[in-house]
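The values are calculated or read from the model by the stated rules, or taken from the named source; none is laboratory data. Keep in mind the model is a prediction, meaning the values are calculated, not measured. Here the Cβ is made from the backbone with ideal geometry for all residues, glycine too, and neighbour counts use every protein chain on show.
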Amino acid sequence: MDINLVNDMNTLNYILIAIILIITIIIVSSYKKLNYIFKTLDEVLQGNFNQRIRLQNHIKPINILSIKINSIIERLQKINEDNKISEESRKKMISNISHDLRTPLTSMLGYMELILDDNILNNNQVLNDNNTLDKDEILDSNKLSEEQKEEYLKIVYSKGNYLYNLMEEFFQISKLDSNDIKLEIKEVNISEIIRENIISFFNEIKKLNIEPKISIPKEDIYAISDEKALNRILSNLISNTLKHGSKATVIGISLNCDEKNIFIDIYDNGIGIPEAEINYVFDRLYTVEKSRKLELRSSGLGLTIVKKLVQALDGSISVYSIPFEKTVFTFTLPKKLK
């Protein structure tokens, strides 16, 4: 046999052996890496979302696979964290709803019981003593005066009105969450809507001895929007400022616009919002306890409703606060809905 041919065959054999060895090494290496990937996925499935696939790898398909799997794990981790936050929020919401309903109901029942017990006691006393229901004697023997009864009834009415408004807010937020709210889009005079809302709060502003500052252009500003939604947005923001603008001496509203957008600022110079909490003011049932006036109550849904309504009108809302200088809520609306 030709020596050159033999040498060529030996060389080919060596090359073939080398290729087989390389393929074997790649297969074994790939098997180990795939096995590592499987073990990592098992840990993720058991709830360890901090795991990631970390490989020194030069095989492109496995590298791409690792990147994709890590991306999926990160999404799962985010979903898991959001679920925990939602669960905590749900528990807090149930607790707050229970408290907000129980407190005024307990008060209402207490005052109603006083009135009813007083009437029952007086009627029984008259029957026992005289065996008659003489009207004058019943009135004379009352332990509660008519003025006291009227005062208690006013308190019961006030608490009942608070409960009604609270339930309306829960109803409103549920409709917004389910997108079950119909907007009546038409041309509206935003300047006039702002004036009407300021007038509706005038007595409360005067009672709190707060100076109103209104800045509205002479020419009325119009937009294609929903009048009821705008009234609710402005009413909630003004009410929120009056409730939580503790120690404020000024409340202001300014209206501006450009060719595309309308800008409305509602501000005060009160105690403000803590920096650590400012990112949560639009969260459901959030309240800034330190800035709340003790005699005023809030469900914590007002600003959530505001944000959802603004978004429904294709707008945006933001807030910033410098304590005792300016706390301002700014919402922007397009002049025409998209």
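Among residues belonging to segment 106-131 that are in contact with a helix residue (DSSP H, G or I) (Cβ under 7 Å, 6 or more places away or on another chain) and at pLDDT below 80, point out the one that is surrounded by the fewest Cβ atoms within 10 Å (Cβ to Cβ). Let's see the steps before the verdict.
Just the residues of segment 106-131 that are in contact with a helix residue (DSSP H, G or I) (Cβ under 7 Å, 6 or more places away or on another chain), to begin with: 107-108, 111-112, 114-115, 122-123, 126, 130.
Pick out the ones that are also at pLDDT below 80 and you get 122-123, 126, 130.
Numbers: N122: 18, N123: 13, V126: 18, N130: 10.
So, considering only residues that are in contact with a helix residue (DSSP H, G or I) (Cβ under 7 Å, 6 or more places away or on another chain) and at pLDDT below 80, the one surrounded by the fewest Cβ atoms within 10 Å (Cβ to Cβ) is N130.
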Output for segment 166-196, where each listed residue is touching a Ser or Thr at 6+ places or on another chain (Cβ under 6 Å) and at pLDDT 90 or above: V188
Segment 206-233, subset within 26 Å of the chain's Cα centre (by Cα) and assigned to a helix (DSSP H, G or I), residue farthest from E169 (Cα to Cα): E227
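Take the residues in segment 218-229 that are of a type in the set (A, V, I, L, M, F, W, C) and in contact (Cβ under 8 Å) with a residue 60 or more places away in the chain, then tell me which one is surrounded by the fewest Cβ atoms within 10 Å (Cβ to Cβ). Walk me through how you get there before you give the answer.
To start, the set of residues in segment 218-229 that are of a type in the set (A, V, I, L, M, F, W, C) comprises 221, 223-224, 229.
With the extra rule that they be in contact (Cβ under 8 Å) with a residue 60 or more places away in the chain, the set shrinks to 223-224, 229.
Values: A223: 22, I224: 14, A229: 23.
Ranking the qualifying residues of segment 218-229, first place goes to I224.
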Qualifying positions in segment 86-105 - surrounded by 11 or more Cβ atoms within 10 Å (Cβ to Cβ) and at pLDDT 75 or above: L101, T103, P104, L105
